[in-house]
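Engineer: Pasting a structure here, questions to come.
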Amino acid sequence: MFNIKILNQHNKIFLLGFMGSGKTTLANKLANKLNISFFDLDKEIEKEAQLSVVELFEKHGEDYFREAEKTTLKKTIKNNDSFVMAVGGGTPCYSDNMKLMNTSGTTIYLKYDAEILALRLISVKSERPLIKDLNEAELIVFVKNKLSERERYYNQSKFVLEGNNLNVDDLINLVQ
Ligand code: S3P
């Protein structure tokens, strides 16, 4: 019963937020709880391109990646009825992606402070082309600046979930 209610209202759920906000882990868990598909947009782009995100940036540049991101987002929305999708940190900030997500389903922003994000990103920065070559001090500055540029997009989400250790129950409470 509970799941059916969620599905009727929110059959396409998008988790968004800065790199390092745990979108993929939480989206996967939420999809499992709701028994619907899980997508990680970066993984879908990688499958299409047969290249990793790092390779895509290196070989073709960021603009090319953003085009691929937009195309894959549109295609996944069109071809699937119900899912939870973790989108990339930049996805909401390019083209009309934010509008597209808001008109297709429910958007949830996982909100963290820049300091916390920077700490979480130190050990996983090598998979992320925008930050992989930054040292710790540069990373903190980058996250602060980028987050303040991007928050106006993230804040267009239907729900904003704030906290230090967000978990799947916080999400369930939000969408039920
Ligand atoms: C990016 C975030 C990454 C990935 C790419 C660009 C960004 O996704 O899409 O490296 O612009 O913030 P995650 O947020 O899943 O790390």
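The values are calculated or read from the model by the stated rules, or taken from the named source; none is laboratory data. Bear in mind that the values here come from a model prediction, so they are computed numbers and not experimental data. Heads up, the Cβs are rebuilt from the backbone with ideal geometry, glycines too, and the neighbour counts pull from every protein chain shown.
Engineer: Of all residues in segment 120-152, which are in contact (Cβ under 8 Å) with a residue 24 or more places away in the chain and of a type in the set (D, E, K, R)?
Structural biologist: Those that are in contact (Cβ under 8 Å) with a residue 24 or more places away in the chain and of a type in the set (D, E, K, R): ARG120, GLU127, ARG128, LYS132, LYS144, LYS146, GLU149, ARG150.
Engineer: A follow-up question, please. Looking at segment 26-111, what helices (runs of 4 or more DSSP H) fall wholly within it and have at least 2 residues that are over 16 Å from the mean Cα position of the chain (by Cα) and within 14 Å of the ligand (Cβ to nearest atom)?
Structural biologist: On the way: elements: 41-49, 53-60, 62-79, 97-104.
Because the criterion is at least 2 residues that are over 16 Å from the mean Cα position of the chain (by Cα) and within 14 Å of the ligand (Cβ to nearest atom), the helices (runs of 4 or more DSSP H) in segment 26-111 that meet it are 41-49, 53-60, 62-79.
Engineer: Within the set of pairs 6 or more residues apart or between chains, which connect a residue that is over 13 Å from ASN28 (Cβ atoms) inside segment 82-96 to a residue that is at pLDDT 95 or above and of a type in the set (S, T, N, Q) with Cβ atoms less than 7 Å apart?
Structural biologist: Matching pairs, first to second residue: SER82/SER37; THR91/ASN97.
Engineer: Please go through segment 37-66 and give me each residue that is of a type in the set (Lys, Arg) and under 19 Å from THR24 (Cβ atoms), ordered by number.
Structural biologist: From segment 37-66, those of a type in the set (Lys, Arg) are 43, 47, 59, 66; that's our starting set.
Listed by number, the residues that qualify are LYS43, LYS47.
Engineer: Quickly run through segment 76-106 and pick out the residues that are touching a helix residue (DSSP H, G or I) at 6+ places or on another chain (Cβ under 7 Å) and of a type in the set (S, T, N, Q).
Structural biologist: Scanning segment 76-106 gives THR76, SER82, THR91, SER95, ASN97, SER104, THR106.
Engineer: Looking at segment 106-113, can you tell me whether even one residue there is of a type in the set (A, V, I, L, M), in contact (Cβ under 8 Å) with a residue 12 or more places away in the chain and closer than 20 Å to GLU127 by Cβ?
Structural biologist: Taking segment 106-113 first, the residues of a type in the set (A, V, I, L, M) are 108, 110.
Right, trim to in contact (Cβ under 8 Å) with a residue 12 or more places away in the chain and you get 108, 110.
Narrowing further to those that are closer than 20 Å to GLU127 by Cβ: 110.
Scanning segment 106-113 turns up at least one residue that is of a type in the set (A, V, I, L, M), in contact (Cβ under 8 Å) with a residue 12 or more places away in the chain and closer than 20 Å to GLU127 by Cβ.
Engineer: Cβ-Cβ distance below 9 Å, separation of 6 or more or different chains: which pairs start in segment 153-172 with a residue that is within 14 Å of MET98 (Cβ to Cβ) and end on one that is hydrophobic (A, V, I, L, M, F, W, C) and assigned to a loop (DSSP other than H, G, I, E, B)?
Structural biologist: TYR154/PHE18
Engineer: Another question, then. Name the single residue, out of those in segment 119-129 being of a type outside the set (Lys, Arg) and in contact with a Lys or Arg (Cβ under 8 Å, 6 or more places away or on another chain), that is modelled with the highest pLDDT. Working first, answer last.
Structural biologist: Applying the first criterion (of a type outside the set (Lys, Arg)) to segment 119-129 yields 119, 121-124, 126-127, 129.
Imposing the further condition that a residue be in contact with a Lys or Arg (Cβ under 8 Å, 6 or more places away or on another chain) reduces the set to 121, 126.
Values: LEU121: 97, SER126: 93.
Looking at residues that are of a type outside the set (Lys, Arg) and in contact with a Lys or Arg (Cβ under 8 Å, 6 or more places away or on another chain), I get LEU121.
Engineer: Scan segment 133-142 and tell me whether some residue there is under 17 Å from the mean Cα position of the chain (by Cα) and either modelled with pLDDT of 95 or more or of a type outside the set (S, T, N, Q) (or both).
Structural biologist: Looking through segment 133-142, none of the residues is under 17 Å from the mean Cα position of the chain (by Cα) and either modelled with pLDDT of 95 or more or of a type outside the set (S, T, N, Q) (or both).
Engineer: Same structure, new question: If LEU166 satisfies every condition in (1) surrounded by 16 or more Cβ atoms within 10 Å (Cβ to Cβ); (2) in a helix (DSSP H, G or I) but one, which is the exception?
Structural biologist: It fails just one condition, (2).
Engineer: Could you tell me which residue of segment 124-152 is farthest from VAL175 (Cα to Cα), considering only residues that are of a type in the set (Gly, Ala, Ser) and more than 13 Å from the ligand (Cβ to nearest atom)?
Structural biologist: Pass one, segment 124-152, residues of a type in the set (Gly, Ala, Ser): 126, 137, 148.
Applying the additional criterion that residues be more than 13 Å from the ligand (Cβ to nearest atom) yields 137, 148.
Working: ALA137: 37, SER148: 26 Å.
Result: ALA137.
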